[in-house]
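Colleague: Here it is, the structure in full.
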Amino acid sequence: VYEEVIPCERMELSQRLAVEELITTEASYVHNIQLCVSDIRAHLQKKQLPDLDLEGLFSNTDDILHVSRRFLKGLEATATQEHEQLLCISTLFQEFKEEMETVYKIYCASYEHALLLVESYCKDPRLQEEILETLNATVPHTGASNLSFFLVMPVQRITKYPLLLGKILENTPTTSSAYLALQAAVRAMAQVNANINEYKRRREVATKYNKAEHLTLRDRLARLNTHSIAKKTTRLSRLLMHEAGIMAKTQDKEYDDLEEKFQCVVSSVTTLKENVASYLGHLEVFLLPTPHKRELQMDEGPAQQYRHFAEYLHCTIFPEFVNSGLRASVKPGCYDLHGTVTAAHSLAHGTVCVRVLPDDFHGAITYDEEAAMNTYLAINALLVAELPRFNQAALQLLGQILCSLSTLQRDLAAQVLHQAEKELEQMPHGHMPLPSFWRMVEDTLQQSGTQLHTFCQTFETVTPSPVTQPLNPAEERKVLSLVSKHGPDKLYQVTSNISGSKDLDLTLQRGQIVALLQTVDTKGNTNRWLVDAGGPRGFVPAGKLQPYCPVQSQQPGMQMPALESDTERRRHSYASPEAPRPQVATFTPAFQVVAGFSFAARSPQEVSLQAGQPVVVLEPHDKKGNKEWSLVEVNGQRGYVPSSYLMTVPVQEPMGWSLPV
C-alpha cells in the first residue's frame, strides 16, 4: 500500500506543478505582451520614424493582449476551486478556443513578414540604433538585442498550450472526473494549432498567387521552366476538358453562393465609384458659371440680393461641401473600398478559372496535377472562410459611405435653404402670402407677354434703315474689274471665312466678292466651284457662296473707273454739261460698316457702340494719322472707336420689311 501511495502523491505533485506552470507562465506572457504594446511600441511611435512599419511589426498584438488578459483572469480564478480546478481549466480552454484561433491565426500568418522587416531594419544602422535605444530604455532587464525576442512570444505561446495541457493530463488519473474534460481540451487546442497552420498555408498560397498576378512580362519569362510549363499545361488541359464537357465541372454550392454575393458587392462598389466621380464632375461644371462676378449697374434690388446669394453659394457653401465633405471623406473611402474589392476579385477569379477537386480524378494523378489541386483547394478554402466576413465588412463600409453622402447632401440642402430664406426675407414681396405672390407673378408675366407681343408686331412693320457705305477705292476697282470681265450676273459673295486646305484652293474672308468661272472642279465635283477673286483663281466650296446683286450707280461720268485714278474720276464727275461724255452704266456694291463688338466710351472724344450697330466711318484714323482709331458717326453722335471693333459686311436686300410712309 505504501508503494502505491507514493506514486499517487508524486502524480498529484506533478499535476499541481504543471497547473502552476500554466498559470505563472501565462502571467509572465501577458506581462511581456503588455511591455511590447504599451512600452516598446509606444516609445517607437514617439520617435516617428518614417521607415519603421509598426503595423507590420506588431500586427494585431492588441487583440492578443485583450484575449490573454481575460484568459489569465479566468485561470487565476480557478485556484479557488480546489478539486474542481482541473475541470474549470478544461472548460476555460473550451470557451476561449475560438477567440484564440481568431486572433492567433492572424498574427501567425503575418509573423514571417514581421521577421523580414526586423531583418531589413538590422541592415540599416540608423534604424537599428533607434530600436536598440528603445529596448534599452523600456526593457533593459530582458537583454533583448532586437524585436524578434518579443515578436516570437505569441507564436510560442499558442503552440505551448497543448503541451502544458498534455503535461497536466499525464499526471491526472484516468479515473478522475476531469480526465475526459482535459482530454477534450488537449484535442481542442491541438485542433486550434492545426487550423492556424492551415490558415497560414492558405495565406501563403494566396500571397504567392497575387504576386504572380502582378509580375511583369520579363519576370514571367524568367520564371518559365520545364516544371512551370508542365503545371500550366495541366491546368489548361483540365480547363479545356471542363469547358468542352469531357469532364464534368465540380459543383460547389457553398462557394458559388458566396461568390455570387461577392460579385454583387463588386458591382455595387464599382457603380458607386463611377457615380461619385460623375457627381464630382457635374459639381465642377455647375460651379464654372460665376454670376456674382458680373458687374450689374444696379445698386440695390432683387438683382443685387441674388448676386450676394450666388456669391455665398459659390465661395462658401459649395467649396466647403466639395473639399471638406466629398473629397475628404466620401471619395477616399470609395476608392479605398474599390481597391480592396478589386484585389479580392483577382483572387476569387483565380479559384473559379480552374476548379480541380479529388472527385474529378479517376485513377492515379501526376505530381503537377496534385500541386494544382492543392493550390486551388487552398485558395478555395481560404475564400470560403474569408468571403462571408469580407462581404459583410464591405457592405457595412458601403453603407457608411452612402450614409455619409446622404448626410452631406442633407446638410448642403439645409444650408442653402437657410440662406435662401434669409435673402427672401429682404425681398420686397418676401412676406406676401403665397397665393397672393403667385397671383402677382401671373399678372406680371401676362403683362410682360402683352408688351412682348406688341413689340413683335411693331418690329415686323418698322425696322431701322441700314446705313450703307460705298466700298473703299481699291475694293471698288476690284469689283468693277470683275464686272467688266465676267458680267454682273457672275458675281458671288462669300458668306463665311474660307480656309483653303487643298491644292488650288483659295483662302477668302467673309464678304469678299468673286466671279464664278466654272460650277465644277477638275474631277467633276459640283460642290467645288472655280472662281476669280480679282487676281488669284482657285476653287472654293459652293455652299459658302451666294449671288451678289450690285446697286447701279446714279452718279454721272463713272466710266470704267477701275483703270482711272481718283483725280480723273472726280474730273469726270464735275465735267460741264456742255461737254458730256458717253455714259456707261456702272455698278457700286452696297456695303455697310457695323460694330463687331460692344464698346463703352471712356472720354468725351469717344462714342459708345453696341454689337451689330451700323456706323458711318468719317475718317479711318485719328488726328495723328493713327489707324488704330477711327472717327465714326452713330445715331447723330461723333467720336472715336477702336478700328478693330469695326467690320464691313454686305448689305442684303430687306426681307419684306419697309419703312412706314
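The values are calculated or read from the model by the stated rules, or taken from the named source; none is laboratory data. In this text the structure is predicted, and so the values were computed from the model without any measurement. All Cβ positions, even for glycine, are placed from backbone atoms using ideal geometry, and neighbour counts span all protein chains on display. With ligands, DNA and RNA removed, areas are computed over all heavy atoms of the protein, side chains included. Shrake-Rupley method; radii C 1.70, N 1.55, O 1.52, S 1.80 Å.
Colleague: Residue by residue through the range 108-123, what is 3J(HN,Hα) from phi via Karplus (6.51 cos²θ - 1.76 cosθ + 1.60, θ = phi - 60°)? Round to whole Hz and write x for glycine and proline.
Modeller: With coefficients 6.51, -1.76 and 1.60, one gets 5, 5, 9, 5, 4, 5, 5, 5, 5, 5, 4, 5, 5, 6, 5, 7 Hz.
Colleague: Can you work out D for the range 474-547 in µm² s⁻¹ from Stokes-Einstein, where Rh is the Kirkwood radius over C-alpha pairs, the temperature is 20 °C and the viscosity is 1.002 mPa s?
Modeller: It comes out at roughly 177 µm²/s.
Colleague: Leaving out ligands, DNA and RNA but keeping every protein chain, what accessible area does His43 have, in Å² rounded to the nearest 10, with a 1.4 Å probe?
Modeller: Probe radius 1.4 Å; accessible area of His43 about 50 Å².
Colleague: Grab the eigenvalues of the alpha-carbon gyration tensor for the range 1-212, scale each by 5, take roots, and send me the semi-axes largest first in whole angstrom.
Modeller: They are 38, 21, 14 Å, listed from largest to smallest.
Colleague: Separate question: Once the Cα atoms of the range 591-650 are picked out, what are the Rg and Dmax in Å?
Modeller: Reported Rg and Dmax, both Å: 10.3, 31.
Colleague: Same structure again: Give the accessible surface of the range 471-515 per residue, rounded to a whole number of Å², with probe radius 1.4 Å and ligands, DNA and RNA excluded.
Modeller: The answer is 52 Å² per residue.
Colleague: For every other residue with a beta carbon closer than 14 angstrom to the beta carbon of Arg528, add +1 if it is Lys or Arg and -1 if Asp or Glu, then tell me the sum.
Modeller: So the environment of Arg528 carries a net charge of +1.
Colleague: Just to verify a number: what accessible area does Ser481 come out at with the full protein assembly present, 1.4 Å probe, Å² rounded to tens?
Modeller: For Ser481, solvent-accessible area is about 40 Å².
Colleague: Okay, moving on. Taking the Cβ of Arg16 as the centre, find all other residues whose Cβ is under 14 Å away and add up their charges (Lys, Arg: +1; Asp, Glu: -1).
Modeller: My count for the surroundings of Arg16 gives -4.
Colleague: A further question on this structure: Using per-residue counts of other Cβ atoms within 10 Å, averaged over each peptide, order 414-420, 152-158 from highest down.
Modeller: Sorting 414-420, 152-158 by mean packing, highest first, produces 152-158, 414-420.
Colleague: What does the charge count near Lys478 come to, summing +1 for each Lys or Arg and -1 for each Asp or Glu among other residues with Cβ under 12 Å from its Cβ?
Modeller: Local charge sum for Lys478: -1.
Colleague: Which of Lys46/Lys97; Lys502/Lys627; Lys544/Lys627; Lys485/Lys544; Lys73/Lys160 have a Cα-Cα distance over 28 Å?
Modeller: Violating the 28 Å limit, Cα to Cα: Lys46/Lys97; Lys502/Lys627; Lys544/Lys627.
Colleague: Further question on the same structure: Which whole-number percentage describes the relative contact order of the range 474-547, with Cα contacts under 8 Å and a sequence gap of 6 or more?
Modeller: Once normalised by length, the contact order is 30 percent.
Colleague: Then there is this: Given a 1.4 angstrom probe, what's the average accessible area per residue across the range 591-650, in square angstrom?
Modeller: Averaged over the residues of the range 591-650, the accessible area is 60 Å².
Colleague: Given the whole protein assembly as supplied and a 1.4 Å probe, what does the accessible area of Arg70 come to in Å², nearest 10?
Modeller: Solvent-accessible area, nearest 10 Å²: 90 Å².
Colleague: Also, quick follow-up: State the percentage of accessible surface on the range 591-650 attributable to carbon and sulfur atoms; use a 1.4 Å probe and exclude ligands, DNA and RNA.
Modeller: 51
Colleague: Residues with amide H under 5 Å of Asp505's amide H, sequence separation 5 or more or different chain, H placed in the peptide plane at 1.01 Å from N; which?
Modeller: Phe539
Colleague: Moving to a separate point now. Find the accessible area per residue for the range 1-212; the probe is 1.4 Å, ligands and nucleic acids are left out, and the unit is Å².
Modeller: Per residue, the range 1-212 has 54 Å² of solvent-accessible surface.
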